[in-house]
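Report on the structure given below.
The values are calculated or read from the model by the stated rules, or taken from the named source; none is laboratory data. The shown structure was predicted, so the numbers you read here are calculated from the model rather than taken from an experiment. Cβ sites come from the backbone with ideal geometry, for glycine too, and all protein chains shown count toward neighbours.
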Amino acid sequence: MPDGFAVNETEAYLQCGLEGLGLIQLSEFVASPYLETGRLEEVLASARSSPVPISIVYPNGRNAGAAIKAFVDWVIRIFPQSGVNPDVGSR
């Protein structure tokens, strides 16, 4: 059996953890449903990494279509703890 796995997709990485193939480090957004049901268990809580900022770059003003605005609103809703400032890019 190999001593490690390399994946480049979150779902594959998550499946490795769910199958017990080793320790994984996921975002809270991805891990929380599995932690709540007990399918994953947090270990090394004292070694959590710092949150990673998220940036969304899109055309300003009239060039920003409804789909872009809906996406930005969705991201703000699912990451409310991020302290996002939705007005930064609207100048």
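Of all residues in the range 13-54, how many are assigned to a helix (DSSP H, G or I) and surrounded by fewer than 10 Cβ atoms within 10 Å (Cβ to Cβ)? First the steps, then the outcome.
Here is the first cut: in the range 13-54, the ones assigned to a helix (DSSP H, G or I) are 13-18, 28-37, 45-47.
Imposing the further condition that a residue be surrounded by fewer than 10 Cβ atoms within 10 Å (Cβ to Cβ) reduces the set to 29, 36-37, 45-47.
Counting residues in the range 13-54 that are assigned to a helix (DSSP H, G or I) and surrounded by fewer than 10 Cβ atoms within 10 Å (Cβ to Cβ) gives 6.
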Seminar exercise, completed: In the range 1-12, anything closer than 20 Å to PHE79 by Cα and surrounded by 10 or more Cβ atoms within 10 Å (Cβ to Cβ) is listed as THR10
For this session: Test ILE76 against the stated conditions and say whether it is part of a loop (DSSP other than H, G, I, E, B) and surrounded by 10 or more Cβ atoms within 10 Å (Cβ to Cβ).
Result: no
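Which one of SER27, SER90, SER82 is polar (S, T, N, Q) and at pLDDT 80 or above?
Among SER27, SER90, SER82, only SER27 is polar (S, T, N, Q) and at pLDDT 80 or above.
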Seminar exercise, completed: Contact list, first residue from the range 34-60 and closer than 19 Å to THR10 by Cα and not assigned by TED's automatic domain parsing to the domain that holds LEU18, second anywhere and in a loop (DSSP other than H, G, I, E, B) and aromatic (Phe, Trp, Tyr), beta-carbon distance below 9 Å, six or more apart or interchain, is ILE54/PHE79
